[in-house]
Amino acid sequence: MSRSYCHACHLPQSACLCAHVLPQPCPLPVLILQHPLEARHAKSTVPLLRLALPDMQLAITEYLDPLPPPAKGRWWLLYPDTHALDVDAEGATLPKADIGGLIVLDGTWRKTRRLLHLNPWLRELPALSFSQAPAGEYVIRKGPGGQALSTLESLAHVLNRLDTGFDPAPLHQLLKVRVAQFKAHQAPANELAQPTQRRSRSGTGQADKI
């Protein structure tokens, strides 16, 4: 039997997130440049961002032409480059008038480096980074070194730094609900995947079938 899906959040009705979505406008233009392989990943947080920030733009591609300038200021790249401006640096003065829009790369570290390589104009943009974001709750998927900060969490933190009127709490709550759904779905599967094993009577160490 085919599952029925919610027409708003595009998830199965049993996992519908609509009751947990509190949409709010982006305080400045935001474009997510997502690697095509990441778009297929069920645990991507970009679909959650599209629900919570409906005026956010999304480009799913490896190649993107340089964007026309925003209405004011310049496009800035959210990426931990060595020359990036740390929004959390003590005493740092953010050039908010110059930050007219954010471009955010979405994918694994390997895929985002590929996006930078294929779109060299991105390297010419001024960059933002952060160093004191709240602990990540994206525990269902971890990056190198055990880090678990998602695109949603990264963007929520930076937008709040750029505009204190932007509330990151609804995004964190939405992510928390989605993470809980994945955990609940995985728990029964993990239990079934761990059968009790005993040494066979022949002493070969093979598990008896149960």
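By how many nm would the segment from Phe182 to Glu62 grow when fully extended, if each residue of separation counts as 0.36 nm and the alpha-carbon distance is taken off? Before the final figure, lay out each step's value.
On the way: separation 120, 0.36 × 120 = 43.20 nm, distance 2.83 nm.
Taking 0.36 nm per residue and subtracting the Cα distance, the gain is 40.4 nm.
Rolling a 1.4 Å probe over the protein heavy atoms leaves Thr82 with an accessible area of roughly 120 Å².
With the other protein chains left in place, how much accessible area per residue, in square angstrom, belongs to region 69-121 at a 1.4 angstrom probe? Please list the in-between numbers first.
Values: 2970 Å² over 53 residues.
Result: 56 Å² of accessible area for each residue.
Report the charge-dipole magnitude of region 74-114 in Debye, nearest 20, computed about the Cα centre from +1 at each Lys and Arg Cβ and -1 at each Asp and Glu Cβ. Each step should come with its number before you reach the end.
On the way: 6 positive and 6 negative charges, 77 e Å.
For region 74-114, the charge dipole is close to 380 debye.
What is the local net charge at His83, summed over the other residues whose Cβ is closer than 13 Å to its Cβ (Lys, Arg +1; Asp, Glu -1)? That works out to -2. Once a ≥ b ≥ c are taken as the square roots of the eigenvalues of the Cα gyration tensor of region 14-166, is the result rounded (a/c under 1.5), prolate (a/b larger than b/c) or oblate (a/b not larger than b/c)? Rounded shape, in that the Cα axes give a/c under 1.5.
Within the shell defined by Cβ-Cβ distances under 15 Å, the residues around Leu162 carry a net charge of -1, with Lys and Arg each +1 and Asp and Glu each -1. Close amide H pairs (under 5 Å, H built 1.01 Å from N) link Thr61 with Gln34, residues at least 5 positions away or on another chain.
The values are calculated or read from the model by the stated rules, or taken from the named source; none is laboratory data. Note that the structure is a prediction, hence the values are computed from the model and not measured. Positions of Cβ are backbone-derived with ideal geometry, glycine not excepted, and every protein chain shown enters the neighbour counts. Side chains included, ligands, DNA and RNA excluded: accessible areas come from the protein's heavy atoms. Shrake-Rupley method; radii C 1.70, N 1.55, O 1.52, S 1.80 Å.
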